[in-house]
Amino acid sequence: MCYSIPGKVIAIKENIVSVDYFGEDKKAKNDFFTLKLGDYVYAQGGFVVQKISEREALPVLESWKELFVKLQEADLKLSQNPKTLYQRANYIRNKYLGNACCIHGIIEFSNYCRSDCLYCGIRKSNTVLKRYRMEPEEIVKTAVDAVKTLGFKALVLQSGEDTWYDDDKLVEIVKKIREKAAVLLVLSIGERGIKTYQKLYDAGARGALLRFETSNPALYEKMRPAHKLAERVELLKELREMGYLTMTGFLIGTPGQTDEDIQNDIKLTASLGTDMFSFGPFIPHPGTPLGKNSAPGLDRVLSVIANTRLSYPEAKILVTTAMETLDKENGMKFGLLSGGNSLMVNLTPAQYQRLYDIYPDRAGVAEDVVQRINSAIKLLYSLGRAPADLGL
């Protein structure tokens, strides 16, 4: 399965191309290829990640065409006659963004962390946790297999703030993946210096997932000792200015959070010009100081997704894997039906999955990769969603 649909280049203006998908005109930034009108490309997250021949593209488009139309019809049917808050959000999502739902693979390559965030299971003070690091060669192989064998076109490389991976290691990882695989690489490695992020951008990384967790400065400093909200926000602004696709957001239900905080969280996410909203429920971990607190109810999280969609109709909103942990049977489904239009599939090698213990009882870790992919595709098809990213 390929989590992207090839499109035909129909216009070029500097490094921005217009790509036709079954009559839909989408834009994508081209940083890596020499393109001309009539070329076929794959795009992810608004970036062209691969150029392919017409001979390669046409069979894929033919196989997609009938299915894509059927899925559009199913999605339209599910989004009509909105009455509840969630249904209105789903209607707006369909109206402005159609039925495309981008799927990113995520590889959690280290659970070491120098930070001591009160809510996170891999905090440095959790001495019970068994730590691991994937070797650079193992990270590259896992990423390349995800692209070439499993069909992913966008990957998130995620870790704790582990400085064992210095600039040279990180740059080499990014370069080798880019040399061997056509993929949008997103980094989720925490607060690094802007010079580090520049090196990684130059090496071929184009996305950064970096949540600010709360817009309340006092709550931020309490939840993340020795850190300042202003520093996080400034880094996000610098990354966007550099050219990174930015993904950011917040936790819902953190102890001490108010309804006003959540409204400010949503506004801050939007004000940063984020390319994808990423927010999910706080799930207490017994190995943290907040372990005895309660997680928010599913309705509270769904209402945040829905209200964000109503406020920002064209936003890409990620339904995080924590939603599935909060409600293993329906969390992901209801998130998508409340305005969400993006999800991630965990591709971390099996021997490490349970060790990336940011919150307990994570959904999906008992399944193998193929099972997780099949479950995600089955869910999307049942909702009339096309597992593809059609660009900007």
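In summary, LEU150 fulfils each of the numbered conditions (1) among the aliphatic types (A, V, I, L, M); (2) crowded, with 21+ Cβ neighbours inside 10 Å; (3) in a loop (DSSP other than H, G, I, E, B) with the single exception of condition (2). Give region 282-315 a look and list any residue that's in contact with a Phe, Trp or Tyr (Cβ under 7 Å, 6 or more places away or on another chain), outside any helix (DSSP H, G or I) and within 23 Å of ASN330 (Cα to Cα), or say none. Those that are in contact with a Phe, Trp or Tyr (Cβ under 7 Å, 6 or more places away or on another chain), outside any helix (DSSP H, G or I) and within 23 Å of ASN330 (Cα to Cα): PHE282, ILE283, HIS285, ALA295, PRO296, ALA315. When region 273-318 is limited to residues that are surrounded by fewer than 21 Cβ atoms within 10 Å (Cβ to Cβ) and charged (D, E, K, R), the one that is farthest from ASP116 (Cα to Cα) turns out to be GLU314. Here region 34-47 is the region considered, the condition is being modelled with pLDDT of 95 or more and in contact with an Asp or Glu (Cβ under 9 Å, 6 or more places away or on another chain), and the residue that is surrounded by the fewest Cβ atoms within 10 Å (Cβ to Cβ) is GLY38.
When the test is whether a residue is of a type in the set (Asp, Glu), at pLDDT 95 or above and either surrounded by fewer than 17 Cβ atoms within 10 Å (Cβ to Cβ) or over 30 Å from GLN158 (Cβ atoms) (or both), ASP75 does not pass it. When LYS378, LYS328 are checked against the criterion of being basic (Lys, Arg) and either in contact (Cβ under 8 Å) with a residue 60 or more places away in the chain or part of a helix (DSSP H, G or I) (or both), LYS378 stands alone in meeting it.
Working only within region 73-100, note down all residues that are within 30 Å of ASP368 (Cα to Cα) and either touching a Phe, Trp or Tyr at 6+ places or on another chain (Cβ under 9 Å) or in a strand (DSSP E or B) (or both).
ALA74, ASN99, ALA100
Picking from ALA230, ALA181, ALA208, ALA218, which residue would you name as being in contact with a strand residue (DSSP E or B) (Cβ under 8 Å, 6 or more places away or on another chain), modelled with pLDDT of 95 or more and small (Gly, Ala, Ser)?
Testing whether each residue is in contact with a strand residue (DSSP E or B) (Cβ under 8 Å, 6 or more places away or on another chain), modelled with pLDDT of 95 or more and small (Gly, Ala, Ser) leaves just ALA208.
Could you tell me whether ALA388 is small (Gly, Ala, Ser) and closer than 12 Å to CYS101 by Cα? So ALA388 passes the test. Inspect all residues belonging to region 13-31 and state whether any of them is surrounded by 20 or more Cβ atoms within 10 Å (Cβ to Cβ), in a helix (DSSP H, G or I) and in contact (Cβ under 8 Å) with a residue 40 or more places away in the chain. Looking for residues that are surrounded by 20 or more Cβ atoms within 10 Å (Cβ to Cβ), in a helix (DSSP H, G or I) and in contact (Cβ under 8 Å) with a residue 40 or more places away in the chain, one finds none in region 13-31, hence no.
The values are calculated or read from the model by the stated rules, or taken from the named source; none is laboratory data. Nothing here was measured: the structure is a model prediction, and the numbers come from that model. Cβ atoms come from the backbone with ideal geometry, glycine included; neighbour counts cover every protein chain shown.
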